[in-house]
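The values are calculated or read from the model by the stated rules, or taken from the named source; none is laboratory data. The shown structure was predicted, so the numbers you read here are calculated from the model rather than taken from an experiment. We place every Cβ from the backbone using ideal geometry, glycine too, and count neighbours over all the protein chains shown.
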Amino acid sequence: MPLGDNPSMTLEQPGRRAPRTFGIEEEVILLEPGTLAPVDVAEEVIGELVRTDADGHWITHEFLRAQIEFSSPVLTDAEAADRVVREFRRVVAGAVARRGLIAASSGTAFGAGRSATAPGERYARIEQVLGAIHPDHRIQGLHVHVAVGSRDEGVRVMRGLRPWLAPLLALTANSPCFGGTETGFASWRTIVGRRFTTASVPPDFIDGADYERRVQALVGLGSTLDLGSLFWMMRLAERYPTIELRLFDAQLTADESVGIALLTRALVEAAAAGALPHAETAVHPEQVDAAVWHAARHGLDDDLVDPATASLAPAWTVIERMLDAVRPVLDQTGDTARVEALVERIRAEGNGATRQRAALAQGVPALERLLRRSFSPPALVE
């Protein structure tokens, strides 16, 4: 259940002094050891968690019976985010281990097995609409919500962030494998997701009214059954005042999920203030969309489109420019050290896609160990 649809949630409006509130959604895939194929036991695992003392209130189904989704409460700081994400992973890892299985946080699963659609009329409708696309729709994401003061501010943020989606994707790509093979893409999840009616980069809306008018016209077309099935890389939530960034692959570790959420909050703040640099041609839809495909293919292993110049530049030059733009916000929220440590780790060890490929080069058992160890460190597993 998306964070924006959680009826127990309220989000305070962002102010000039208080940092913006935010929320994290993690989608997890349950896998069989050895094959790393999906196993349809999500309903059983969720049922166990809600009957225990574990706080499973925001743990629920996703599209497939092998998937679990976690929606955080409203968060204000890194410590709270770290606590709830680690606790979610701890209880899920324990419940799954008791069944002899693995919980993994990856944009796609390595194994070739399929998973049945989760129960519910809406999911059944989506399956019917997807047709032959449905068997490939085995993807998991990290979604980050950040509070905005109005729909107009939300659109202003979207306009500022559009040229920076590709560098963000390159930094967080974590789905190199699918159907038992290495795809050659850093984020195969992104390529699968582009098949939806509304997919990849959102249009360049003028203001909140323009957004409302145009998204309403999409309902009923293709896979857009309702406003909750807009699958752009970012969108405005319908029930609560947030912008939701949906471009991220599910991240291997809790540190990455939390760090990316903090970076996202800083980017939203900078975009709202008009502080994200970009050349005018860098916002042209054809270049933004091509840059996203390029980032999905290569991750950090090739040049990226630099939004400040609209030309190709070394990947880490672009990432450093992004960090420079948001460092004043990170300093204000106290998140500079944590985000910079995350980025330096990715620079040293690679993003999730790089680490998965390195493990797979040693064999499927090594990839299994990476997924298991990354999801919840041994000391935290029940």
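Yes/no matrix, rows are residues, columns are (1) touching a Gly at 6+ places or on another chain (Cβ under 9 Å); (2) closer than 29 Å to THR333 by Cβ; (3) not basic (Lys, Arg):
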position: ASP77; (1), (2), (3): yes, yes, yes
position: VAL85; (1), (2), (3): no, yes, yes
position: ARG90; (1), (2), (3): no, yes, no
position: ARG98; (1), (2), (3): no, no, no
position: THR108; (1), (2), (3): yes, no, yes
position: ARG114; (1), (2), (3): no, no, no
position: THR117; (1), (2), (3): no, no, yes
position: TYR123; (1), (2), (3): no, no, yes
position: GLY131; (1), (2), (3): no, no, yes
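Between ALA266, ALA261, ALA209, ALA250, the distinction of being without any contact (Cβ under 8 Å) to a residue 60 or more places away in the chain and either surrounded by fewer than 20 Cβ atoms within 10 Å (Cβ to Cβ) or closer than 24 Å to ALA296 by Cβ (or both) belongs to ALA209 only. Screening VAL50 on (1) of a type in the set (A, V, I, L, M); (2) crowded, with 18+ Cβ neighbours inside 10 Å; (3) not in a strand (DSSP E or B) shows it passes everything except condition (2). For segment 221-239, the count of residues that are farther than 23 Å from HIS134 by Cα, of a type outside the set (D, E, K, R) and in contact (Cβ under 8 Å) with a residue 60 or more places away in the chain is nonzero. Of everything in segment 272-289 that's under 14 Å from LEU168 (Cα atoms) and among the hydrophobic types (A, V, I, L, M, F, W, C), which residue is nearest to the chain's Cα centre (by Cα)? Checking each candidate, the answer is VAL288.
Is one or more of the residues making up segment 91-111 surrounded by fewer than 22 Cβ atoms within 10 Å (Cβ to Cβ), more than 22 Å from the chain's Cα centre (by Cα), of a type in the set (A, V, I, L, M) and not in a helix (DSSP H, G or I)? Yes, the conditions are met somewhere in segment 91-111.
The set of residues in segment 219-233 being closer than 24 Å to CYS177 by Cα and either among the polar types (S, T, N, Q) or surrounded by fewer than 23 Cβ atoms within 10 Å (Cβ to Cβ) (or both) consists of PHE231, TRP232. In the set (1) buried (at least 16 other Cβ atoms within 10 Å of the Cβ); (2) among the small types (Gly, Ala, Ser); (3) under 24 Å from GLU238 (Cβ atoms), GLY179 fails one condition alone, (3).
Please go through segment 138-176 and give me each residue that is among the polar types (S, T, N, Q) and surrounded by 24 or more Cβ atoms within 10 Å (Cβ to Cβ), ordered by number. Steps first, answer last, please.
First pass over segment 138-176, keeping only residues among the polar types (S, T, N, Q): 140, 150, 172, 174-175.
GLN140, THR172, ASN174, SER175 - these are the residues of segment 138-176 that are among the polar types (S, T, N, Q) and surrounded by 24 or more Cβ atoms within 10 Å (Cβ to Cβ).
Selection of helices (runs of 4 or more DSSP H) fully inside segment 139-215 by the criterion of at least 2 residues being within 15 Å of PHE231 (Cα to Cα) returns 188-193. Only residues that are out of contact with any strand residue (DSSP E or B) (no Cβ under 8 Å at 6 or more places or on another chain), assigned to a loop (DSSP other than H, G, I, E, B) and small (Gly, Ala, Ser) were counted across segment 254-303, and they come to 4. All conditions but one from (1) touching a Leu at 6+ places or on another chain (Cβ under 8 Å); (2) buried (at least 21 other Cβ atoms within 10 Å of the Cβ); (3) within 22 Å of LEU168 (Cα to Cα) apply to PRO241; the one that does not is (3). Within the option set GLU79, GLU26, being in a helix (DSSP H, G or I), modelled with pLDDT of 80 or more and among the acidic types (Asp, Glu) holds for one residue only, GLU79. Evaluating PRO285 against the criteria (1) closer than 27 Å to PHE185 by Cβ; (2) free of Cβ contacts under 8 Å to residues at least 40 places away in the same chain leaves one unmet condition, (2).
Taken as a whole, the condition of being touching a residue at least 60 places away in the same chain (Cβ under 8 Å), closer than 25 Å to THR198 by Cβ and in contact with a helix residue (DSSP H, G or I) (Cβ under 7 Å, 6 or more places away or on another chain) applies to LEU304.
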